[in-house]
Every structure is written in C-alpha cells, then in structure tokens.
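Here, each number is a calculation from the coordinates, and none is a lab measurement. In this text the structure is predicted, and so the values were computed from the model without any measurement. Virtual Cβ from ideal backbone geometry, glycine too; neighbours counted across all protein chains shown.
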Amino acid sequence: MDQFSVLIPMKIPSEGKSRLAGVLDEPSRKLLIISLLERVLEASMNSSSCDVYVIGGGFEVADICRRIGANWLNSDSGDLNCDVSRGIAEIAQAGNGTIYLPGDLPFVTAEDIDSVIFRSENGDLAVIVESESDGGTNCVLFPYQTKLIPLLGSDSYRKHCEYAVNHGILFESIRPAGLLIDLDTTNDLIKCQRKEKGFLRNVGII
C-alpha cells in the first residue's frame, strides 16, 4: 500500500497574487497568501498523508512550517514545475508518492485530500483535479515512481490528462468540493466572499 506526502510550492508571500493588486494592497495580499497557506497546511496535516512538504517561499514560510511541523525545502528557482519535480524526487527517496497542492485553496479539507488518496487505489492510479475557473490544476496525486510529470501553468489540466493518455498512465479525474476553488483573481475573491461569510476578516485583512 503506497504512502503519500503532500507537496505545496510557494512564492515569497510579498511577491504573490499580483492579479489582486486592483482590490488589495501589498500588505493585504501578503496576509491573504499566508492565511491561505495556513489553511492548506492545516488540511494537509490532518489528512491521512504521511507528512507535508513546502518548497520555496523564503524564510517567512520556513518559519510557518517549523511552527506547525511541516518540512521546508529551500528554493528560489522561480520555476514552478522545476520545484514540484524536485519535491517529488525528495519525497520519492522515502518511497512515497506525492500529492501536489497549490497553497491558495481557501476551502480545502483533510477529507478532500483523503478522497484523492482513496481514488488512487493505493497508488495504482494518478489522480488529477481541475480548477473550476481557468483550466488549471488544483491537485495531482503522483504515485511513487510514476511516469507522470508536473505540467503546471496555463491549461495545465488538459496537458496533464493528455500526457497521461499518451504515455499509458492510468489516472482518475475527480472533483472534491474543497479542491475546486483557488484564489487568483478578483472574481475568485468575490466567489470566496459569497461562499464564506466574513472571508476577508477571517483571513486577517479587515
């Protein structure tokens, strides 16, 4: 039975969420990024994954990881797919598969992560979750020693599915409710405020 570690790649908090610059100033965007990361970390730590890794984000993120007991990997590559590949390789050294999660999922729960693990059938299948807003990828379960590679970025859900089909990689596509919404744009923020009463206050902005 395969074991899995969660992997969360991060930018430096003061440099992220530029597409929200029209509605949130830089200190507010930084608070939002840290709060969202803490939500994803909490869900990950409470899931049935073995452990949790964060790669990148600088020393402020490293301190958060240290405080809650997650592993932190230093990186300033600026290349998301490179960072995720490096994290997968690190996790594979322990014989584990990897669950990639972005750090900006406001509503992810431990149960959502466990549903991804369950659907993998003990690591026999890769699992891919599409963002509901932009064709991106909000979760990938990479089984141990899989041939699937990270293809994050524009239109990444289609790219992951096509790569899996073309390389004979068995996979499932699922839609756990808490994995569908990531927060990148003003429309995403409006969606979050509708879904969770007092959202901005809850993430420390108001």
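Can you work out the Karplus-derived ³J(HN,Hα) for every residue in region 135-147? Use 6.51 cos²θ - 1.76 cosθ + 1.60 with θ = phi - 60°, whole Hz, and x for glycine or proline.
x, x, 10, 9, 5, 9, 9, 9, x, 4, 6, 6, 8
Using modelled backbone amide H atoms (1.01 Å from N, in-plane), which distant-in-sequence or interchain residues come within less than 5 Å of Thr137's amide H?
It is Ser131, Gly153, Ser156, Tyr157, by chain and number.
Could you list which residues have their amide H under 5 Å from that of Glu121, counting only those 5 or more apart in sequence or on another chain, with H placed in the peptide plane?
Hits under the 5 Å cutoff: none.
Where both partners of a DSSP beta bridge lie in the chain, what percent of those bridges are antiparallel, to the nearest 5? Don't jump to the answer; show the numbers that get you there.
Values: 7 of 23 bridges.
Percentage antiparallel, nearest 5: 30.
Apply the Karplus curve 6.51 cos²θ - 1.76 cosθ + 1.60, θ = phi - 60°, to the phi angles in region 50-57 and return the couplings in whole Hz, x for Gly and Pro.
For region 50-57, the Karplus-derived couplings read 5, 7, 10, 10, 10, 10, x, x Hz, x marking Gly and Pro.
Report, as a whole number in µm² per second, the diffusion coefficient that Stokes-Einstein gives for region 68-118 at 4 °C and 1.567 mPa s using the Kirkwood radius over alpha carbon pairs.
On the way: Rh = 12.8 Å.
The calculation lands on 102 µm²/s.
Quick one: which residues, 5+ away or cross-chain, put their amide H under 5 Å from the amide H of Leu73? H built at 1.01 Å from N.
Val54, Ile55, Gly56
Under the rule of -39500 (n - 2.57) per DSSP H run of 4 or more residues, summed and divided by the residues of the chain, what mean residue ellipticity at 222 nm is obtained, to the nearest 500 deg cm²/dmol?
Details: 7 runs with 80 residues, N = 206.
It comes out at -12000 deg cm²/dmol, rounded to the nearest 500.
HN-Hα J couplings of region 164-171 from phi, Karplus 6.51/-1.76/1.60, θ = phi - 60°, integer Hz, Gly and Pro as x?
With coefficients 6.51, -1.76 and 1.60, one gets 4, 4, 5, 10, x, 8, 6, 8 Hz.
Fewest to most neighbouring Cβ within 10 Å: what's the order for Lys191, Lys147? The partial results should precede the final answer.
Values: Lys191 17, Lys147 12.
The order, fewest Cβ neighbours first, is Lys147, Lys191.
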